[in-house]
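Note sheet for the following structure.
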Amino acid sequence: METELPRSAPEAQGIASSAILGFVEAAEREIHELHSFMLLRHGQVVAEGWWAPYAPELPHMLFSLSKSFTSTAIGLAVAEGRLSIDDAVLSFFPDDAPAEIGEHLAAMRVRHLLSMSTGHAVDTMPALHQRADGNWAKAFLECPVEYAPGTHFLYNTGATYMLSAIIQRLTGVTLLEYLRPRLLDPLGIGQATWETCPRGINTGGFGLSITTDGIARFGQLYLQNGAWNGQQLVPAAWVAEATARQIDNAPSENIDWAQGYGYQFWRCRHNAYRGDGAFGQFCIVMPEQDTVLAITSGVGPMQPVLDLVWEHILPALGTAPLPANPAAHATLSRKLGQLALPLPEGAVSPERDIPGGTYIFQPNQLELQAISFAFGPAGCELTLRDPRGEHHLAAGYGAWREGVTTFVDRGERQPFVGAGAWVDADTYHAKFYYNETPFCVMMACQFVGDQLLFDFSVNVSFGPTEFPQLVGRLG
């Protein structure tokens with residue numbers, strides 16, 4: 001990691017500490033699940049905060065904010081003369097082309113992948129995931145192309161995967177390996193991982209994890225038209241083209257999703273632009289105000305987050321430094337140093353003995369077969385069993401307890417923190433944050449005789465967030 005980004009009091013960069021405090025307080029009141037933010041003005045970090053158990057050193061899943069990094073890789077490859085955005089997509093995958101090539105597929109160019117104007121009527125990503133042999137490129141090329149490329153906007157994560165596949169075809173290395181010496185290392189983004197498809201190609205449209213600081217550096221690079229520490233990392237012409245309106249994406253129920261789309265960047269109101277990802281991951285660039293705002297979150301609707309930015313931050317970005325205000329700055333700093341997501345509230349121990357043993361469930365949507373509890377003075381150890389085996393979670397009393405568990409969708413070992421409390425004599429609540437992701441798992445456990453009434457929910461999801469109550473019986 002290179003030297004830290006420079007820091008400044010907000011007033012010195014023309015923004016009142018009270019305005020930033022207003023943004024933070026409104027977010028806690030109305031959004032509830034911001035995980036971090038970093039605000040840069042004139043290249044200086046004027047405010048930053050992480051809601052515990054999230055922390056500066058932890059990477060955060062970016063979801064579709066990954067797409068803006070993939071676009072950047074294409075811009076770098078174009079500058080190196082490896083391809084043109086007017087190259088036919090089929091030209092990179094001659095062995096994966098379908099037996100019959102329609103005119104729309106034949107007309108598809110790299111620029112159409114970039115601008116989400118491939119001509120597909122539905123996102124191709126489900127078809128890629130369903131491909132039995134793991135050949136996602138072939139699956140993409142076999143999807144029907146209903147419209148002439150360039151005429152129809154459709155948010156299409158499979159298109160971004162194809163950009164990643166093109167980079168790997170051209171360079172022989174993954175997208176992440178390609179970006180490491182050209183972008184990530186020069187920017188000082190040390191921590192970075194990227195998910196891959198079954199054939200080892202970075203997923204492109206999602207799957208990148210970096211820190212909030214890394215998001216902010218990426219946004220500042222774009223604000224500086226691709227220049228960083230005297231070096232032109234990304235051509236200025238590419239920055240301008242990628243962040244300009246390349247295709248109309250109206251109408252949309254969310255106004256900031258109807259301002260036009262560039263090359264894997266969204267246009268915003270107020271002549272701003274952004275990369276963004278599901279559940280509230282943002283890299284917002286405001287060129288006219290010389291400002292960058294990086295945000296990570298665990299939210300459902302994302303428009304309310306932007307609404308707070310336009311309501312509280314944007315109007316406060318003055319054109320000249322403000323008089324120093326040590327008291328207001330101290331109040332803001334104190335608030336930022338105390339940010340925390342709420343722990344479960346309640347007692348440390350139950351008011352009666354809880355039957356030990358394992359509670360067995362009937363077949364259910366969660367595929368949860370059994371759960372057991374080991375309550376102690378420091379918290380609770382939970383063991384959950386499903387078709388993949390046993391998974392362990394630990395929840396502290398009055399504090400987050402760190403651990404690693406396989407209790408996630410794919411069964412991979414995942415860091416988490418957990419906390420729990422007794423809300424009454426019979427009912428125990430626990431929360432588990434996977435604090436390198438947006439996700440929080442919540443469990444409500446009511447003990448009634450030899451039965452367990454078990455309610456399971458998650459804060460955000462691409463599917464349901466709440467599930468039918470399960471009834472477990474001591475086995």
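The values are calculated or read from the model by the stated rules, or taken from the named source; none is laboratory data. None of the values given here were measured: they were computed from a predicted structure. Quick reminder, even Gly has a Cβ in these numbers, built from the backbone with ideal geometry, and neighbours come from all protein chains shown.
Here are the numbers for this structure:
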| read-out | value |
| --- | --- |
| Segment 362-419: number of residues that are among the hydrophobic types (A, V, I, L, M, F, W, C), surrounded by 15 or more Cβ atoms within 10 Å (Cβ to Cβ), part of a loop (DSSP other than H, G, I, E, B) and over 28 Å from the mean Cα position of the chain (by Cα) | 0 |
| Considering residues of segment 121-137 that are over 19 Å from Phe92 (Cα atoms) and small (Gly, Ala, Ser) only, the residue surrounded by the most Cβ atoms within 10 Å (Cβ to Cβ) | Ala127 |
| Residue match in segment 82-97 (condition: of a type in the set (Gly, Ala, Ser), out of contact with any Cys (no Cβ under 9 Å at 6 or more places or on another chain) and crowded, with 22+ Cβ neighbours inside 10 Å) | no |
| Candidate set from segment 428-462 (those that are closer than 26 Å to Gly357 by Cα and among the acidic types (Asp, Glu)); member that is surrounded by the fewest Cβ atoms within 10 Å (Cβ to Cβ) | Asp450 |
| Leading residue by the ranking (surrounded by the fewest Cβ atoms within 10 Å (Cβ to Cβ)) among those in segment 196-227 that are part of a loop (DSSP other than H, G, I, E, B) and under 19 Å from the mean Cα position of the chain (by Cα) | Cys197 |
| Test for Gly277: is it modelled with pLDDT of 95 or more and at positive phi | no |
| Some residue of segment 153-166 being polar (S, T, N, Q), closer than 22 Å to Glu4 by Cβ and crowded, with 21+ Cβ neighbours inside 10 Å | no |
| Cross-chain or 6+ apart pairs with Cβ under 8 Å, segment 160-178 first and of a type in the set (Lys, Arg), then crowded, with 17+ Cβ neighbours inside 10 Å | Arg169/Phe92; Arg169/Phe93 |
| Of the criteria (1) buried (at least 16 other Cβ atoms within 10 Å of the Cβ); (2) under 24 Å from Ala278 (Cβ atoms); (3) modelled with pLDDT of 95 or more; (4) among the hydroxyl-bearing types (Ser, Thr, Tyr), which one Thr465 fails | (1) |
| Residues (touching a strand residue (DSSP E or B) at 6+ places or on another chain (Cβ under 7 Å) and without any contact (Cβ under 8 Å) to a residue 40 or more places away in the chain) located in segment 274-291 | Arg274 |
| Residue within segment 250-261 that is in contact with a Gly (Cβ under 8 Å, 6 or more places away or on another chain) and in contact (Cβ under 8 Å) with a residue 12 or more places away in the chain present | no |
| Residue check for Ser66: in the same structural domain as Pro235 (by TED's automatic domain parsing), closer than 23 Å to Asn435 by Cβ, touching a Ser or Thr at 6+ places or on another chain (Cβ under 8 Å) and not aromatic (Phe, Trp, Tyr) | no |
| Residues within segment 182-201 that are touching a residue at least 40 places away in the same chain (Cβ under 8 Å), of a type outside the set (Val, Ile, Thr) and more than 14 Å from Asn135 (Cβ to Cβ), tallied | 9 |
| Test for Phe140: is it touching a strand residue (DSSP E or B) at 6+ places or on another chain (Cβ under 8 Å), under 23 Å from Tyr261 (Cβ atoms), surrounded by 15 or more Cβ atoms within 10 Å (Cβ to Cβ) and not aliphatic (A, V, I, L, M) | no |
| Only listed residue being among the hydroxyl-bearing types (Ser, Thr, Tyr), assigned to a helix (DSSP H, G or I) and over 20 Å from the mean Cα position of the chain (by Cα), chosen from Ser18, Ser71 | Ser18 |
| Single residue of segment 242-252 satisfying the filter (assigned to a loop (DSSP other than H, G, I, E, B) and modelled with pLDDT of 95 or more) that is nearest to Gly219 (Cα to Cα) | Thr243 |
| Strands (runs of 3 or more DSSP E) lying entirely in segment 253-356 (those with 3 or more residues that are within 23 Å of Ser115 (Cα to Cα) and hydrophobic (A, V, I, L, M, F, W, C)) | 281-286 |
| Residues that are among the acidic types (Asp, Glu) and within 18 Å of the chain's Cα centre (by Cα), drawn from segment 24-43 | Glu33 |
